[in-house]
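Structure first, commentary second.
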Amino acid sequence: RRPTPYAYPDLETKHGVWLPDLLRISKTTPDNKTVSYVETLRKMLGTSVVVRKDGAYGATLVSYEDTIPADMAPMLVLDASARVRETYKLWKEGRGGIEFLPSAVKSYRNLTVHLWDHGGGKGAFERDDRVLIDGIVVVISSKPHEPWLVVHHINLNSVDIEEAVRSLLPSRGPNVRFLNWGAHDATNQYAGIPNVILAGTLFFRNSYYEALGRLASGLPASQGKLPDEVSRRIVVGEQANLILQALCRGHVRRCVEGGCPKADAYVIGSRRLGFDNILQKTFPEARVVPWEPVLWFLKGKIGDAVRFLDKRLNKDELESVSAKEVMAAIGWTDKNNFRRNIRQHPKFIAAIARLGISESQGPGALRFLRSPFKPFRDPWDF
């Protein structure tokens, strides 16, 4: 539900009290954050605001202030994020005065994005830190002789991601660098790294998206609710921008013949929120494939069979693999035993289903094939 406008009273006039005076007579010296809050509150007095619920943070008053001078134009803006963020488009639609110049969109045909369909916010790491940390360690260990960059959350209650990952890797193992969200842009320090893991993704508060959408559109609270379409576009655009900035710390940021060098990105994000679609729009021509690291924890012949199928149908880009090839890879010779103990085992069935792999009984032998990884279009299709 969208918040309704609220006329915030002019408390200073009503009570004859200047808010900064309250700070001066306070028994304790206010910190900079408190002073900032009071200054922001004063700007809202006597205006229309909306109240937005921010989960555990409680309710937040939302408004905006026009800080760009009306006579600032003309100005040339060079912003690589303008392609994926919605703020400039909403500015043009709502306020006017912006003209988009022709752009040469970079190709990401040499980038493979591996998407783990799992929640990637701070809450997900608080709940499932063992599974997520193990998955990160497993994929790093799959290429132990290549450098890695992990972009991660900080200030979690249950786990220090960098510390947890390092504790599970050999002391002289892979070269892994760590960069926390908030420090994930404006640096070329990691441009030589071909493998980047987004250990979760960053989400802002609802009030931030509301304020940004209103600011970009020029829609103050006095003019009514922020349209659902605008809110959706802001959320998707900001998420795309965060992912673009984070992945472009590595090899992806380089340009070779109009595209990026060969690189692999590993992203933890729920398909329910449309992450596969966001990734495909943000990185044109990139290959987006499923990433299921937890499947590598399957033991015995079932695990061997699942890993063989995943590798052959993903890395080798084959259309299908015969059951005979799978049996040979895991050292199995009896077809009936393979059917009863592997193909019909619940763990095997669940594992290949999550990988999008199915059986196909053609005129010849039984084969396994992977279904296309179709983008999830709802609710953030853009």
The chain - charge dipole about Cα centre, Lys and Arg +1 at Cβ, Asp and Glu -1, debye rounded to 20: 1100
C-alpha center-to-center spacing [the range 167-223, the range 257-301] in angstrom: 17
Amide N proximity, the range 229-269 versus Thr40 label position 7 Å along Cα-to-Cβ, cut-off under 16 Å: none
Size of charge dipole - the range 99-184 - debye, nearest 20, with Cβ of Lys, Arg +1 and Asp, Glu -1, no other charges: 320
Nearest-0.05 FRET efficiency for Thr67 and Cys255, computed from C-beta distance (R0 30 Å): 0.30
Charged-residue dipole, Cβ positions (Lys, Arg, Asp, Glu), the range 1-133 about Cα centre, Debye nearest 20: 340
Percent carbon-and-sulfur accessible area, the range 64-130, ignoring ligands, DNA and RNA, probe 1.4 Å: 53
Segments 108-115, 73-80 sorted - mean Cβ within 10 Å per residue, highest first: 108-115, 73-80
Surface per residue (accessible, 1.4 Å probe) for the range 181-237, Å²: 38
Entries of Lys89/Lys225; Lys122/Lys311; Lys143/Lys299; Lys89/Lys281; Lys299/Lys324 with Cα pairs more than 27 Å apart: Lys122/Lys311
Chain lengthening between Lys14 and Ala80 when straightened (0.36 nm per residue, less Cα-Cα): 19.0 nm
Among Thr4, Gln280, Ala211 the positive-end extreme of the charge dipole of the chain (Cβ point charges): Gln280
Solvent-accessible heavy-atom area per residue, rounded to whole Å², over the range 75-141 at 1.4 Å: 54
Cβ-based charge dipole, the chain, positive-most Cα from Val62, Leu90, Phe348: Phe348
Protection proxy ranking, peptides 56-67, 96-107, average beta carbon neighbours within 10 Å, highest first: 56-67, 96-107
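Calculate for the chain the 222 nm mean residue ellipticity that helices alone would give, adding -39,500 (n - 2.57) per DSSP H run of length 4 or more and normalising by residue count, nearest 500 deg cm²/dmol.
So the helix-based figure for the chain works out to -10500 deg cm²/dmol.
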Full-extension gain in nm, Lys225 to Thr333, via 0.36 nm per residue minus C-alpha separation: 32.2 nm
Label assignment, mean projected area of the Cα convex hull in nm² derived from the structure, set (1) 28.9; (2) 25.5; (3) 27.5: (2)
Table column - 3J(HN,Hα) (Hz), the range 105-119, Karplus curve with 6.51, -1.76, 1.60, x for Gly and Pro: 6, 5, 8, 10, 5, 8, 9, 10, 9, 9, 9, 8, 6, 8, x
Dipole of the chain, positive end: most advanced residue of Pro74, Pro293, Thr187 [Cβ charges, Cα centre]: Pro293
Protection proxy ranking, peptides 340-351, 31-42, average beta carbon neighbours within 10 Å, highest first: 340-351, 31-42
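The values are calculated or read from the model by the stated rules, or taken from the named source; none is laboratory data. These numbers were taken from a predicted model, which means no experiment stands behind them. For neighbour counting, all protein chains shown are included, and Cβ atoms are generated from backbone atoms with ideal geometry for every residue, glycine included. Protein only, heavy atoms only, side chains kept; ligands, DNA and RNA dropped before computing areas. Shrake-Rupley method; radii C 1.70, N 1.55, O 1.52, S 1.80 Å.
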